[in-house]
């Protein structure tokens, strides 16, 4: 992990995610890029909401750059700890949000995008709204979504929601590399809709052995529970652990993503289980 792209619209929620991202970069010894996109309205189906009206974009961009400078200065001047201090740069672009982010990711070789979620409805409504949903479907790099309540001390464990599918193993190999940098345990979490059988238990153990072998990472375990709801099942498995962890999922699993994004408000997932959500693309370079 070398370069983290921290997205902000300068709201308290977004800037909280930026602060989290800066601390995360310290753990990884990574570079930080602060990014704000002045959104230009575009008549594209996936954009239901227009964030800005037409106007003086040059002036808006100048004001945004000044905000980025202040944010950069705040991060650097607030970091009094010894050890690694992430290099911080900033970018302000004007255009369609997701298009600009895609270009930045490719040009600057970004490894991870970090952004915030709204406090009122947990993971249901994300900071950039429909733009984030589009990014979840198209981003070539992982997205780390941060709740306003989340504070980073140390990542001790990384839960991975799994269907025990061997196609997930290349992603788990990449996740193991991140986990090794953090010295974190990976917990494979499998939610069963029916009672666990001996055959299912054997399948889990075989999958666990294969993942350990292919990833060359020993700190991996497997847990399972029975629940009709994936989110509630994950709550059961995560609830009794300490809070120094994160939940990861492959974003090609639309049913799981939809259950988190749509279901978290009614199930109060954000209140009962406040964890960063790492969304992994099905193909990571």
(message) Give me the helices (runs of 4 or more DSSP H) completely within the range 167-248, filtered to those with at least 3 residues that are at pLDDT below 90 and over 17 Å from residue 155 (Cα atoms), ordered by residue number.
(response) 198-215, 230-239
(message) surrounded by fewer than 19 Cβ atoms within 10 Å (Cβ to Cβ), touching a helix residue (DSSP H, G or I) at 6+ places or on another chain (Cβ under 7 Å) and either at pLDDT below 70 or assigned to a helix (DSSP H, G or I) (or both): is that true of residue 119 in this structure?
(response) yes
(message) Scan the range 29-45 and tell me whether some residue there is modelled with pLDDT of 90 or more, under 25 Å from residue 178 (Cβ atoms) and in a helix (DSSP H, G or I).
(response) no
(message) Considering only residues that are out of contact with any strand residue (DSSP E or B) (no Cβ under 9 Å at 6 or more places or on another chain) and not in a loop (DSSP other than H, G, I, E, B), which ones fall in the range 150-166?
(response) 166
(request) Would you check if there is a residue in the range 264-272 being part of a loop (DSSP other than H, G, I, E, B), at pLDDT below 80 and under 15 Å from residue 147 (Cβ atoms)? (result) yes
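The values are calculated or read from the model by the stated rules, or taken from the named source; none is laboratory data. Here the structure is a predicted model, which is why all the values come from computation and not from measurement. As a convention, Cβ positions derive from the backbone with ideal geometry for all residues, glycine included, and neighbour counts pool all protein chains shown.
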